[in-house]
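The values are calculated or read from the model by the stated rules, or taken from the named source; none is laboratory data. A quick note: this is a predicted structure, and the numbers were derived from the prediction, not measured. A quick note on method: Cβ atoms are made from the backbone with ideal geometry, for glycine too, and the neighbour counts reach across all protein chains shown.
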Amino acid sequence: MRKLDKSGDWLPDGLEYHVAFGTNGNVRVSEIWDSKEQFDAFGKRLMPLLEESGIELSGPPELIEIHNIEKR
């Protein structure tokens, strides 16, 4: 996150919600984006920063279309 802050890429255009959770190196992230195109564009900037930091992903992101969001 610090590298993203310093790069000026945080908070990226199109990101509506970001939730990170987990413990001891087993972190999961869930996000809601305005569009897949904005998600993909951010991913192209994010991946080099993750690789530089030695962070490996467990697999490709799971993309799910959202039909409804309700907020209290």
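Some notes on this structure:
- Residues being touching a Lys or Arg at 6+ places or on another chain (Cβ under 6 Å) and either among the small types (Gly, Ala, Ser) or assigned to a loop (DSSP other than H, G, I, E, B) (or both) - total across region 1-49: 2
- Sole residue being at pLDDT 85 or above and among the acidic types (Asp, Glu), chosen from Glu70, Glu56: Glu70
- Close pairs from region 44-72: first on the phi < 0 side of the Ramachandran plot, partner surrounded by fewer than 10 Cβ atoms within 10 Å (Cβ to Cβ) and in a loop (DSSP other than H, G, I, E, B), Cβ under 8 Å, at least 6 apart: Leu50/Glu56
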